[in-house]
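Written out below as structure tokens is the structure these notes cover.
The values are calculated or read from the model by the stated rules, or taken from the named source; none is laboratory data. The structure presented is a predicted model; accordingly, all values stated were derived computationally and were not measured. So basically every Cβ, Gly included, is an ideal-geometry build from the backbone, and we count neighbours across all protein chains shown.
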Amino acid sequence: MTTLPTTMTGVVLPGNSTVEFRDFPVPKPGHGQVLIQMKASSICGSDIRAIYRAHLGKGPEGYQPGTIAGHEPCGQIVEVGAGCKEFKVGDRVILYHISGCGCCEDCKSGYMISCHNEVRAAYGWQRNGGHAPYLLAEENTCVHLPDNLTYLDGALVACGFGTAWEALTRMRVNGQDRLLVVGLGPVGLAAAMLGRALGAREILAVDTSADRLALGKKLNLIDHAVLSNDEALDKILTVTNGKGCEVSIDCSGAAPARLLALKGTRQWGRCGFVGEGNDVKFDVSPHLIHPQITLYGSWVTSLGHMAELTERLSRLDLHPDVTVTHRFPLEKAAEAYRIADEGQSGKVAIVFA
Ligand SMILES: [Zn+2]
Ligand SMILES: [Zn+2]
């Protein structure tokens, strides 16, 4: 057995659009915990929006200054604490990125994201995350990573793909549907890929960035690229014979984009909001009630649905990692965050040798 180092360098985010490197001890797993050697750790839009530029959340809800960032970790178990029941040294694992109390209704249904107990802690926010060579995790937040999926695939499942999967399956996307994806950043690309996997026949995507639309086309994840401008709705309606899409999803979190998703939804259709922040204002009768639209809010996913997604990806040999356009070693984390902040790329990830 190889001996582990005693110290490591981790990335913390001071909240002024910079990255700081600090030394940490390599943690020892306690009861029910595992130590994971990081292999891939991607950057999420929420890391940029709520931590990197400024620490938005205040108090226990927010990023705790000095915490190792990164809530999309994936790696291999190198040490297990006492009392672990399912996972062992050598296992490749994805992490559900929040550890909850384990006892409340939300935790019991696998939605630790919604746990309200004060012990709830998200990796990379309230407890150390994946931007360091090792991560201490609760065994009950681990999901097996199948052999035919890469560590980078696993990192992407941990947040973005899980979020897209949850919303699309909740909206029951199927082969009768056209899917409208508004905001073709990493979560939008995930929605397009998974929407296709769930059977959506035609996928329309809207973004302000021509580069992002070109990436969606290049990866063959979208059928129609719509640049976000005054004509975007007309274009959506033209492509759909004036009807709009049976299912739409806003992954951008911008108010006009949310409205476009709603207006681009067909009568009796389903519209989901997963992009965070900001607000939206619309006339309820013409845009929601009269067109008989069901509006969904969806936040992350459950542990069970993450495992389900992982199994489907493995079975279909589908690889989220194709949406990664930039990979950096940990030492280049500052550059990784800068690129992610520009909002023109696909997914940005930190990968470990
Ligand atoms: Zn995330
Ligand atoms: Zn709980």
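Scanning segment 126-141 for residues that are away from ligand 2 (no atom under 16 Å from the Cβ) and assigned to a loop (DSSP other than H, G, I, E, B) yields a total of 6. Comparison of GLY45, GLY30 shows that the only residue that is within 24 Å of VAL157 (Cβ to Cβ) and either surrounded by 15 or more Cβ atoms within 10 Å (Cβ to Cβ) or of a type outside the set (A, V, I, L, M) (or both) is GLY45. The residue pairs whose first member lies in segment 152-173 and is outside the structural domain of ARG201 (by TED's automatic domain parsing) and assigned to a helix (DSSP H, G or I), whose second member is of a type in the set (Lys, Arg) and within 16 Å of ligand 1 (Cβ to nearest atom), and whose beta carbons are closer than 7 Å, counting only pairs six or more residues apart or on different chains, are LEU156/LYS347.
Selection of segment 289-305 for residues being within 16 Å of the chain's Cα centre (by Cα) and surrounded by fewer than 18 Cβ atoms within 10 Å (Cβ to Cβ) yields GLY297, TRP299, GLY304. Report yes if LEU136 is modelled with pLDDT of 95 or more, farther than 16 Å from SER248 by Cα and in contact with a Pro (Cβ under 6 Å, 6 or more places away or on another chain), otherwise no. Here the answer is yes, as LEU136 does meet what is asked.
When you go through MET38, MET112 one by one, which is the residue that is crowded, with 24+ Cβ neighbours inside 10 Å, away from ligand 2 (no atom under 16 Å from the Cβ), touching a residue at least 40 places away in the same chain (Cβ under 8 Å) and not assigned by TED's automatic domain parsing to the domain that holds GLY183? Walk me through how you get there before you give the answer.
On the way: MET112 fails: away from ligand 2 (no atom under 16 Å from the Cβ).
Only one candidate passes the filter, namely MET38.
Conditions (1) in contact with a Ser or Thr (Cβ under 9 Å, 6 or more places away or on another chain); (2) closer than 30 Å to HIS319 by Cβ; (3) modelled with pLDDT of 95 or more; (4) not charged (D, E, K, R), marked per residue:
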| position | (1), (2), (3), (4) |
| --- | --- |
| LYS58 | no, no, no, no |
| HIS71 | yes, yes, yes, yes |
| VAL78 | yes, yes, yes, yes |
| VAL89 | no, yes, yes, yes |
| GLY102 | no, no, yes, yes |
| ARG127 | yes, yes, yes, no |
| ALA132 | yes, yes, yes, yes |
| THR141 | yes, yes, yes, yes |
| HIS144 | yes, yes, yes, yes |
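In segment 238-330, counting only strands (runs of 3 or more DSSP E) that sit wholly within it, the ones holding 3 or more residues that are under 29 Å from ILE43 (Cβ atoms) and touching a helix residue (DSSP H, G or I) at 6+ places or on another chain (Cβ under 7 Å) span 245-250, 265-273, 324-328.
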